[in-house]
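Student: Following this message is one structure expressed as structure tokens.
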Amino acid sequence: MYDWIKALHVVAVIAWMAGMLYLPRLFVYHAASELGSAQSETFKVMERRLLRAIINPAMVVTWLAGLYLVWAGHWLSAGWFHVKLLLVLLLTGVHGFLAGRVREFAADQNRYSTKFYRILNEVPTVLMIGIVIMVIVKPF
Ligand code: HEM
């Protein structure tokens, strides 16, 4: 059972990360497009669908499967898990921030520059590298 849930966890992680890496990239292009243009309206649809159909459900499945693995594997007191949890909480915070930006773009009220979104685009990547090192290498 443990390995089946772990497989589900990794599949959900891949979907979550794919969306978390792609959404800020869409924002980079969206922030550069003219308000009210056909291009801007297309980005709104892409962002909403990506968030609702992929990113949100993948995050829920990742968390549920991950919490099962912590419980079943008795990982709660492991040092690597504490660091992983911190990084995953930060990633979840970034997720919430991105969801807020989808709502802002939908209302034509984006407040951030393309440069900001380019930098934001790197944050999930850095967190993902740390998370994978914790769970695979388990340095402590
Ligand atoms: C959302 C909260 C999360 C929790 C509570 C959680 C917890 C866990 C636990 C306890 C394991 C089992 C470790 C083992 O059996 O050795 C695991 C496996 C794994 N997790 Fe997570 N995880 C979460 C999110 C993530 C995220 C966001 C990523 C990647 C960005 C990730 C990547 C992995 C990978 C690659 C494995 C398989 C490691 C292996 O056994 O080879 N997890 N997770």
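Student: From the list H74, H82, which residue is without any contact (Cβ under 8 Å) to a residue 12 or more places away in the chain and over 24 Å from W4 (Cβ atoms)? Walk me through it before giving the result.
Tutor: Working: H74 fails: over 24 Å from W4 (Cβ atoms).
Of H74, H82, the one residue that is without any contact (Cβ under 8 Å) to a residue 12 or more places away in the chain and over 24 Å from W4 (Cβ atoms) is H82.
Student: Starting from residues that are over 17 Å from R101 (Cβ atoms) and more than 22 Å from the chain's Cα centre (by Cα), keep the ones in the stretch 11-45 and report whichever is nearest to the ligand (Cβ to nearest atom).
Tutor: Q39
Student: Next up: Is there any pair linking a residue in the stretch 22-47 that is more than 20 Å from V94 (Cα to Cα) to one that is not in a helix (DSSP H, G or I), with Cβ under 6 Å and at least six apart or on different chains, and which?
Tutor: Hits for this filter: L35/D108; Q39/S33; S40/S33.
Student: Could you tell me which residue of the stretch 49-78 is surrounded by the fewest Cβ atoms within 10 Å (Cβ to Cβ), considering only residues that are among the aromatic types (F, W, Y) and more than 7 Å from the ligand (Cβ to nearest atom)? Break it down into steps so the answer makes sense when it comes.
Tutor: In the first step, residues of the stretch 49-78 are kept if they are among the aromatic types (F, W, Y); the result is 63, 68, 71, 75.
From the residues that got through so far, the ones that are more than 7 Å from the ligand (Cβ to nearest atom) too are 68, 71.
On the way: Y68: 16, W71: 10.
Per the criteria, the residue is W71.
FYI, it's all coordinate maths here, none of it is from the lab. Everything numeric in this text was worked out from a predicted model, so none of it was measured. Neighbour counts are summed over all protein chains in view; Cβ atoms, including those assigned to glycine, are modelled from backbone coordinates with ideal geometry.
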